[in-house]
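Here is the structure we will look at, set down as structure tokens.
The values are calculated or read from the model by the stated rules, or taken from the named source; none is laboratory data. In this text, all values refer to a predicted model and were calculated from it rather than measured experimentally. All Cβ positions, even for glycine, are placed from backbone atoms using ideal geometry, and neighbour counts span all protein chains on display. Keep in mind that these areas ignore ligands, DNA and RNA; they rest on the heavy atoms of the full protein, side chains included. Shrake-Rupley method; radii C 1.70, N 1.55, O 1.52, S 1.80 Å.
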Amino acid sequence: MMCAAEAGRGGGRVLVVDHARAAGEKIRISGGGRCNFTNMHAEPGNFLSQNPHFAKSALSRYTQWDFLDLVGRHGIDWHEKTLGQLFCDGSAKEIIAMLRAEMDAVGADLWLETSVEGVSREGNGFRVALRRGDSRHDVSCRNLVVATGGKSIPKMGATGLGYALAEQFGLPLVPTRAALVPLTFSDATLPRLKALAGLSVDATVETAGTRFREGLLFTHRGLSGPSVLQISSYWTEGQDVVVDLSPDTDLGAHLRQLRAQAGRQAVATALASVLPKRLAQDVADRAAPRGNLADQSDAEIDRITAHAHAWCLRPAGTEGYRTAEVTLGGVDTAALSSRTMEARDVRGLYFIGEVVDVTGWLGGFNFQWAWSSGWAAGQAIAAG
Ligand SMILES: Cc1cc2nc3c(=O)[nH]c(=O)nc-3n(C[C@H](O)[C@H](O)[C@H](O)COP(=O)(O)OP(=O)(O)OC[C@H]3O[C@@H](n4cnc5c(N)ncnc54)[C@H](O)[C@@H]3O)c2cc1C
């Protein structure tokens, strides 16, 4: 929709095709219905890709401020929730209505409940075979923009069409993986996490040198919450994640102080002066100290608190595409122009948004990539 609105400014006819019943379904359900539509701090460092430089051009030419300007022109009220994340005050539907209005302003068409049965090269352009209800339509076009998204949440209409089209036209793919997704654990660890289900703490979570500090949520299936979703994009099978359950308070210093003042209390009780009670008990159970707080040497206190400051866990996997917010990998950026998103070797074929191997952090970055890359392709088409 973003790309169509921009491409239509060039005066050519634009048609958006979607097999879903409604346009922008992921926008509608995003951000708990309020759509975290961008992030004030968006910059290339917030994106994962085999080529970390690829996103720079589009992100710098159509920025979060450009999108905010558009939102402002449509009278949509918004607020910052946390960490630069911008949400609608009202409803995500306002963002969809805004994009539809932008399309209408340039006369771009939208065909819903329309499936793509095949694409072939026709002269310098393409012929797209469509099925809309009972009727078949062959549409010829000079430019074809693939904006089919990733594999996440197949129930909402995600398909592999974008990847299949890339392969059909000889573009390489970077292997895909579920990202921004809860982590799951084996039978050896799960009961411990299940016992803490429902608890949420501010924590840092680290894997292979990357670290996020946000909320961590214990669930019946494992670990979730923003810090865990973020780290899931960096986690690979066989790696540990290291959790600091008390990033602001040095528990070692705190316990040593309590030992001097009230050494007869149990270690779990002392830990509970900083951590939620159930979690404090869990840390104490894992550390299994002998005796009460007064019985612990400095070295023993360091050993106990390491169970909270550097809790090492090995996930068994992730919840997969069923619940993932995004898909890592996709169309290899090496095959695309970073300025226009056009395939280097197939004139008129463009890939934008999540189908491309550019994946944002949690917090509005993935929509910003969709807007920026869509705008870049639309501009190129309008100018062409
Ligand atoms: C639950 C959830 C919450 C999210 N919340 C946020 C958030 O708050 N902020 C944020 O930045 N990101 C969020 N994301 C990620 C964000 O929604 C996506 O990164 C973004 O929508 C990608 O845009 P896109 O246009 O590339 O693809 P999509 O928005 O996925 O659009 C692809 C479209 O292609 C259509 N399509 C697919 N296959 C076919 C086919 N074969 N034929 C015809 N049509 C087809 C689909 O129906 C769909 O409408 C969230 C994702 C999920 C799943």
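Using C-alpha pairs below 8 Å separated by at least 6 residues, the relative contact order for segment 193-287 is 23 percent.
When you restrict to C-alpha pairs under 8 Å that are six or more residues apart and normalise by the size of segment 283-384, the relative contact order lands at 20 percent. Overall form of segment 1-107: oblate. Here a/c, set by the Cα gyration tensor axes a ≥ b ≥ c, is 1.5 or more, and a/b is not larger than b/c.
In this structure the chain gives 45 Å² per residue of accessible area when probed at 1.4 Å with all protein chains present. Sequence-distant contacts, meaning Cα pairs under 8 Å at least 6 residues apart, place the relative contact order of the chain at 25 percent. Axis of helix 277-287 versus longest Cα principal axis of the chain: the two differ by about 70°, to the nearest ten degrees.
Place a point 7 Å from Cα of residue 239 in the direction of its Cβ. Which residues in segment 163-193 have their backbone N less than 20 Å from it? 174-186, by backbone N distance to the label point. With R₀ set to 22 Å, the beta-carbon distance separating residue 129 from residue 104 gives a calculated FRET efficiency near 0.25.
For the chain, the longest principal axis of the alpha carbon atoms and the long axis of helix 251-262 meet at an angle near 30°. Shown here for segment 263-325: trypsin sites (Lys or Arg not before Pro) in loop regions (DSSP other than H, G, I, E, B) with at most 12 other Cβ atoms within 10 Å, namely 264, 290.
Residue 200 exposes around 80 Å² of accessible area when a 1.4 Å probe is run over every protein chain in place.
Counting 0.36 nm for each residue step from residue 211 to residue 29 and taking away their Cα separation leaves a gain of 62.8 nm. Take the Cα of residue 164, step 7 Å toward its Cβ, do the same at residue 74, and the gap between the two points is 3.1 nm. Taking the protein heavy atoms of the chain in the context of the full set of protein chains, the accessible area attributed to carbon and sulfur is 48 percent at 1.4 Å. When the helices of the chain are scored as -39500 (n - 2.57) per DSSP H run of n ≥ 4 and the total is divided over every residue, the value at 222 nm lands at -9000 deg cm²/dmol.
Ordering of 144-156, 70-82 by packing is 144-156, 70-82, highest average first (other Cβ atoms within 10 Å, averaged per residue).
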